[in-house]
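Chemist: There's a structure below that I have some questions on.
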Amino acid sequence: MEPTRPLARRRLERAIDAALGGNSTQEPSNLAQIQRKLSTLSQEKRFLLYAYLVHEPEHLTSQEIALGIKDLHSNVLRNLHVLTAERMLDVRKDADTGICRYAVDRVVAGQLSEFFAAGRTGE
């Protein structure tokens, strides 16, 4: 889900470098993962969906999410697929009904939070 436009990719790389102040203690592979995740969230509907799930304490079905963000179920499913493929969500499938429930992967959310907190405090 990386930006396909070279200019957008370069801008994102410069923003990450500026946020880290050139004194990054993070591994390059970790920075590449953060860049991919930020690229994934750069689409407005995906960001809205992710932000909504960050504030939900439990796993929700795609229908519940669609109602919560007031979007079409088909759009929600498509964006859930992208976020799941990037391993940004924790997905649980009910064995009896086969219905999937989605929540934010708290480890990934913590990594993104640490990235932005490090830029704020000058670490």
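Chemist: Give the residue, chosen from 78, 87, that is under 20 Å from residue 45 (Cα atoms), under 13 Å from the mean Cα position of the chain (by Cα) and at pLDDT 90 or above.
Modeler: 87
Chemist: When the residues of the stretch 59-101 are narrowed to those that are basic (Lys, Arg) and closer than 27 Å to residue 35 by Cα, which ends up least open to solvent (accessible area, probe 1.4 Å)?
Modeler: 101
The values are calculated or read from the model by the stated rules, or taken from the named source; none is laboratory data. Treat the numbers as computed from the prediction; the structure is a model and nothing was measured. Calculation scope for accessible area: heavy atoms of the full protein, side chains included, ligands and nucleic acids excluded. Shrake-Rupley method; radii C 1.70, N 1.55, O 1.52, S 1.80 Å.
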